[in-house]
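Worksheet: one structure, shown below.
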Amino acid sequence: MNIQQTNQLLIRIQMIDNRQIGDSTVLAWHELVGDLSYEHALEAVKLHQRESTAYLTPAHVRANVERIMLAGLGRREDEYGNEIEADRPALAAWQRLQLQKGISA
C-alpha cells in the first residue's frame, strides 16, 4: 500500500479507537505494514475490531492478514492428518477479498 492508503487505514482505525494520527504515526505504520495490500490490511483491521478489545497495533494487522491468507488455502490438516477446523471469521474476510477482485470464492 502507498503512504496515502496507510493514512486512510489509520483514519479507519481512528474512527473506532479515537487514536491521534500525525505524520510521524503514518510514517511509522507505513514502515511496518506498507508492504501489505490496502485491501488485506483493511480486512485485517475489521477482523481485529470485530473480535478484540485490544489496542490495535501493526503486529495485529500483520497477524490477521496471515490468518486471512491461511483461511483462503482451504482444507488443511495437522501433522497427524486431522482436519483443522476452518477459521470462519478469517475465511469470510478472504471471501470478501475475492469478491472485490471479481473472483468466485
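The values are calculated or read from the model by the stated rules, or taken from the named source; none is laboratory data. Because the structure is predicted, anything quoted here is derived from the model rather than measured. Because the Cβ atoms are built from the backbone with ideal geometry, glycine has one as well, and the counts that use them run over all protein chains shown.
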Exercise for the section: Run down Arg96, Arg67 and say which single residue is closer than 27 Å to Thr6 by Cα and either modelled with pLDDT of 95 or more or in a strand (DSSP E or B) (or both). Expected result: Arg67
Practice task
Kindly indicate whether Gln100 is touching a residue at least 60 places away in the same chain (Cβ under 8 Å) and not hydrophobic (A, V, I, L, M, F, W, C).
Solution key: yes
Handout entry: Residues that are surrounded by 14 or more Cβ atoms within 10 Å (Cβ to Cβ) and either of a type in the set (Gly, Ala, Ser) or closer than 18 Å to Arg88 by Cβ (or both), drawn from segment 46-57
Key = Lys46, Leu47, His48, Gln49
Handout entry: The lone exception for His60 - which of (1) closer than 16 Å to Ala92 by Cα; (2) crowded, with 16+ Cβ neighbours inside 10 Å; (3) without any contact (Cβ under 8 Å) to a residue 40 or more places away in the chain it fails
Key = (1)
Handout entry: Contacts under 9 angstrom Cβ, first residue in segment 12-34 being hydrophobic (A, V, I, L, M, F, W, C), partner surrounded by fewer than 10 Cβ atoms within 10 Å (Cβ to Cβ) and in a helix (DSSP H, G or I), 6 or more apart
Key = none
Fill in the blank from the handout: Looking across segment 63-105 at residues that are of a type in the set (Asp, Glu) and more than 25 Å from His30 (Cα to Cα), the single one that is surrounded by the fewest Cβ atoms within 10 Å (Cβ to Cβ) is Glu79
Problem - Restricting segment 20-36 to residues that are surrounded by 13 or more Cβ atoms within 10 Å (Cβ to Cβ) and not in a helix (DSSP H, G or I), the residue that is farthest from the chain's Cα centre (by Cα) - result: Ile21
Practice task
Check segment 16-34 and report whether any residue there is in contact with an Asp or Glu (Cβ under 7 Å, 6 or more places away or on another chain), under 22 Å from Ala90 (Cβ atoms) and modelled with pLDDT of 95 or more.
Solution key: no
